[in-house]
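For reference, the structure is listed below as structure tokens.
The values are calculated or read from the model by the stated rules, or taken from the named source; none is laboratory data. Quantities reported herein were computed from a predicted structural model and do not represent experimental measurements. Glycine also receives a Cβ, built like all others from the backbone with ideal geometry; neighbour counts cover every protein chain displayed.
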Amino acid sequence: MSKQQVVVRFCGDSGDGMQLTGTLFSSLNAILGHEISTLPDFPAEIRAPQGTLGGVSGFQVELGNQVYTPGDKADVIVAMNAAALKVCTLGGHFNHPQAHFDDEFALYHRHAIVIVDTDSLTDKDLEKAQYHTDNPFTELGIPESVQIVPVALTTLTKESLAESGMDNKSILKSRNMFAFGLICWLFDEPMEKAIHLLEDKFRKKPALIAPNTKVMVDGYNYGQNLAISVNQIHLDGHPNEEHGSYTSIAGNKATAWGLIAAAEKAGKRLFLGSYPITPATDIMHELAARKDMNVMVVQAEDEIAGVCTAIGASFAGDLACTSTSGPGLSLKSEAIGLAVMAELPLVVIDVQRGGPSTGLPTKTEQTDLLQALYGRNGECPAVVIAASSSANCFDYAFEACRLAMENMTPVILLTDTYLANGTALWRIPKLAELPAIHPQSVPESLKGQYNPALRDAQGVRYWAFPGMEGFQHRNIGLERDAERGTISTNPENHEQMILARKHKIEQVANRIPELRVQGNTASNTLLVGWGSTEGHLHAAANELDCALAQFNYIMPLPKNTREILSRYQRIVVCELNTGQFATYLRAQFPDITFEQYNETQGQPFAVERIVNHVKH
Amino acid sequence: MEASEYKSDQYVRFCPGCGDHAICMALQKAMAQIGIPPHQIAVISGIGCSSRMPHYLNTYGFNTIHGRGGAVATGVKTSHPELTVWQMSGDGDCLAIGGNHFIHEIRRNVNLNVCMFNNRIYGLTKGQYSPTSPKGFVSKSSPFGTVERPFIPAELVLGARGTFFARTLDVDMPTTVECLVAAHQHKGASIVECLVNCVIFNNGTHAWIADREQRAEHAIILKHGEKMIFGTNKDKGLAVEIDPQTFVPKIIVVPADDPRVLTHDAHQQDPTLHRLLALMGQDRYLEVKANDEGTTGECLPVALGVIRDVEAETYDEAVNRQIQEVRASSKTRTFDQLTATLEQWQM
């Protein structure tokens, strides 16, 4: 059987190593030249009891050609236990006692292949996963069109490692490698590349290389036994990508590396002040490990100190950043206002998660948009941009740094759980290919006459910092005199300064690319999205044969936005919130009609649901 | 350098008679004595009367937001340890809204010089009680008297494992300058509690020691290596006594010629004695006493001067040293070298 795209979902207990298996399989396919898009789906609990529904951890990946999303529903499921089988079959309805397989809610479609560990379907396993009968397949109402592949994963793994001298517990931990090998057989993938990946993965624990490799190869060979009943799947064609070096990269890592690249490009030292928060913490982890690149990371005492240490570093002349998620952005609001008022470059990365309050810390949502735009006291404009794929988190992190340092302003970069934890194919750029960055450094000619209110013709003030002789000044969060830069409470001056700060953000529109329409530009219908939904909306626009405008620049909007929007009769703004971008667009373009399509379930869009909505 | 070289062109807007005027002048004098040129100094503040200080100094300055001066200063100093960084703060800015940053800059031992102006009141917001107002203190926000227990700043500093603590008084210029210079010389978070009078909302809060007639009896200026002697006639000394039942040590007043009179050792790592010294006379600030005048001169004097000054590695040094160590042992210096370390393939 050959296919253009295939969606595979690995599903098991939190301790079954599903994230590792999924990551290895995705990397292997990326190495083989396939496009990938991944969706790790962690359980919300810290560590639910083993074998229970609350402890199911999933990892979904779509591979092949023209891959825009991790896929709505899986073609292949690997279910490591009874709970995983139930969660995959019932989707979000797994807690309903009467629920059956349903095309809408199941995580796989009705012609999928479902590989199940039959050793993990004992009475005890079924009880833990809240089954009421001893036949899980009948109880779940799995249609006959689904191809169930029963494999005694546990027994086979034990046999594989019987002579390894390993203890039982360690042997059981290797079950995922047997499943990995089996999936490699299913996709007819070369074992030598997979072995190489394993060697790399366990580089620091060499004792684990041999047993894991053996289990994986045994899993692969076991696949031959299935050949009578299961057809292998071959991925067709070659990805339509630019020539170059490629790797697979997760969004948070791409974000961190974008900051590193920007610092080097601008000739600045990178400083990150941050406080741990899901799902943003990996950015801090990545940067803390990059002391070789002269990156300075302060793990602050709280979110406020995270942004304030960064503001201090910016005042002192560094490229300063802070990384957080929604609750942290709330805490940082006042300090971001300080950076707006003091007109200092600052990059604020908000990896959005389900809110409000603590909300759904491990799930994805686009609900911080209005907070990013307006969530500060006073008239407090800042640049707001959003990444739209795990790989382009790199480009927009770089862009955030460029815009901050060239325009002396905070820039809020919005990503989200889906982008942050997902991986995608990334073409590795050379530093020389990246756009130049020209920080707004004060010219030497202003020595002795400098004050913090002086602006260039575009309205951007100059950056002078401690250590520079003849540029001493007092920066403030109080209103400053437009001429002298000192404290001022003059009414006309305050208004003048509010307009100057507003104008400074508006003129950024001259320094960003214009909006580009994708898909069938001649259609009457335009889908509109922003940030991480690009893949899903692109796929939906293809199916609907309509146009798509995906926004990466939100404040300010690209200059041609009105012109593009006014070309279409029907505009549907699709967001993972209740209509924040639509609200913003209506305020900018009150004469244009915007329809909305919204989901707030903590999950990425399903292409099918968008298509159905827009069709009807 | 001259003190005038550290003066900005701004008109000083503290209330006439405010203690902050004196600290401002002392700062300019201390900076001149230290001799670091103005462009290599950054003065960071939060919000409050004291936080206006950067405007009056011809250095780099940043008047930030309420309570966050410590965090901003930490960012400045850590990213640029070559700069001399001062933080100006008050009892509200430092101990209430900015309390978390205050204890953490001390815990990390960031090499900052912190002036904590303590007037036991919120002045800029026009007269509310502060974390150092004595219990029972009547203010606009406590018309029936506060019911809160106050902080003793020294105790908080030592509790956060502080390496430097000095206390000074607005009306004692020489001690103030001396403490500020010592704060600069100390590597690490140097906290100087500046007792200042708020002439409008809390006039006379430090009168017990500020009053020239009584000061010699009610305060002692501690100097490292010198005997702890005080009194109008220099006839009193301080000694330690340990209660034989409870083993609790306490400071006692003895005649100046008593062999038990202590010699001040600010460099002692063990903070036990520093704490006892710093707490002397502080009980009178814990609660409003009905009849203050009844107190006799036999009570313990308030300690001024440098009480604690011990060595420990500073955060900014450690962070920068670690970066240098990693860089020395790594060949990866550029973005292109970094990406070369990735598992990758050609298309």
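Miscellaneous remarks
- Residue match in region A:422-443 (condition: touching a Pro at 6+ places or on another chain (Cβ under 9 Å), among the hydroxyl-bearing types (Ser, Thr, Tyr) and at pLDDT below 95): yes
- Candidates A:CYS393, A:CYS380, filtered to the one that is surrounded by fewer than 24 Cβ atoms within 10 Å (Cβ to Cβ) and touching a helix residue (DSSP H, G or I) at 6+ places or on another chain (Cβ under 7 Å): A:CYS380
- A:THR521 meets all of the listed conditions (1) crowded, with 16+ Cβ neighbours inside 10 Å; (2) of a type in the set (Val, Ile, Thr); (3) assigned to a loop (DSSP other than H, G, I, E, B) but one, namely (1).
- From B:THR246, B:THR314, B:THR341, residue being over 21 Å from B:TRP208 (Cβ atoms), surrounded by 17 or more Cβ atoms within 10 Å (Cβ to Cβ) and β-branched (Val, Ile, Thr): B:THR314
- Tally of residues being under 18 Å from B:GLN322 (Cα atoms) and either touching a Pro at 6+ places or on another chain (Cβ under 6 Å) or surrounded by fewer than 24 Cβ atoms within 10 Å (Cβ to Cβ) (or both) across region A:298-322: 1
- Answer from B:PHE151, B:PHE165 - the residue that is surrounded by 23 or more Cβ atoms within 10 Å (Cβ to Cβ) and within 27 Å of B:THR74 (Cα to Cα): B:PHE165
- For region B:18-132, the strands (runs of 3 or more DSSP E) that sit wholly inside it and include 1 or more residues that are in contact with a Leu (Cβ under 9 Å, 6 or more places away or on another chain) and under 25 Å from B:LEU158 (Cβ atoms) are B:41-45, B:84-90, B:113-118.
- Considering residues of region B:87-107 that are over 11 Å from the mean Cα position of the chain (by Cα) and buried (at least 24 other Cβ atoms within 10 Å of the Cβ) only, the residue farthest from B:GLU148 (Cα to Cα): B:GLU105
- Members of region A:245-254 that are among the polar types (S, T, N, Q) and either modelled with pLDDT under 95 or in contact with a strand residue (DSSP E or B) (Cβ under 6 Å, 6 or more places away or on another chain) (or both): A:SER245, A:THR247, A:SER248
- Any helices (runs of 4 or more DSSP H) falling wholly within region A:245-328 and containing at least 3 residues that are in contact with a helix residue (DSSP H, G or I) (Cβ under 9 Å, 6 or more places away or on another chain) and more than 12 Å from every other protein chain (Cβ to nearest Cβ): A:251-266, A:281-288
- Pairs, first of a type in the set (Ser, Thr, Tyr) in region A:114-128, second part of a strand (DSSP E or B), C-beta under 6 Å, six or more apart: A:THR118/A:PRO150
Rundown of residues vs (1) polar (S, T, N, Q); (2) at pLDDT 95 or above, yes/no style:
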site: A:ILE195; (1), (2): no, no
site: A:ASP200; (1), (2): no, no
site: A:GLN224; (1), (2): yes, no
site: A:GLN232; (1), (2): yes, no
site: A:GLY237; (1), (2): no, no
site: A:HIS243; (1), (2): no, no
site: A:LYS268; (1), (2): no, yes
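- Filtered residue count, region A:329-372, keeping only those that are assigned to a helix (DSSP H, G or I), away from chain B (no Cβ under 11 Å) and buried (at least 19 other Cβ atoms within 10 Å of the Cβ): 5
- Residue check, A:THR367 more than 23 Å from A:ILE260 (Cβ to Cβ) and at pLDDT below 95: no
- All helices (runs of 4 or more DSSP H) inside region B:243-347 with 2 or more residues being within 10 Å of chain A (Cβ to nearest Cβ) and more than 18 Å from B:ALA166 (Cα to Cα): B:315-328, B:335-340
- Complete set of residues in region A:22-50 that are within 14 Å of another protein chain (Cβ to nearest Cβ) and over 16 Å from A:ALA391 (Cβ atoms): A:LEU24, A:LEU28, A:LEU32
- Taking region A:78-175 as the region of interest, the helices (runs of 4 or more DSSP H) fully inside it that hold 2 or more residues being under 33 Å from the mean Cα position of the chain (by Cα) and over 30 Å from A:LYS214 (Cβ atoms) are A:82-90.
- Residue in region A:4-14 that is free of Cβ contacts under 8 Å to residues at least 60 places away in the same chain, surrounded by fewer than 24 Cβ atoms within 10 Å (Cβ to Cβ) and of a type outside the set (Lys, Arg) present: yes
- Considering residues of region B:17-67 that are within 16 Å of the chain's Cα centre (by Cα) and closer than 21 Å to B:PRO81 by Cβ only, the residue farthest from the other protein chains (Cβ to nearest Cβ): B:ALA30
- Of all residues making up region A:448-482, the number that are under 36 Å from the mean Cα position of the chain (by Cα) and more than 7 Å from every other protein chain (Cβ to nearest Cβ): 8
- Neighbours by Cβ (under 8 Å, 6+ apart or cross-chain): first from region B:327-343, closer than 14 Å to A:LYS265 by Cβ; second among the β-branched types (Val, Ile, Thr) and part of a loop (DSSP other than H, G, I, E, B): B:LEU338/B:THR332; B:THR339/A:ILE428
- Selection count, region B:3-17, where residues are surrounded by fewer than 17 Cβ atoms within 10 Å (Cβ to Cβ) and either in a loop (DSSP other than H, G, I, E, B) or touching a Pro at 6+ places or on another chain (Cβ under 9 Å) (or both): 9
- A:ARG501 among the basic types (Lys, Arg) and either away from chain B (no Cβ under 12 Å) or assigned to a helix (DSSP H, G or I) (or both): yes
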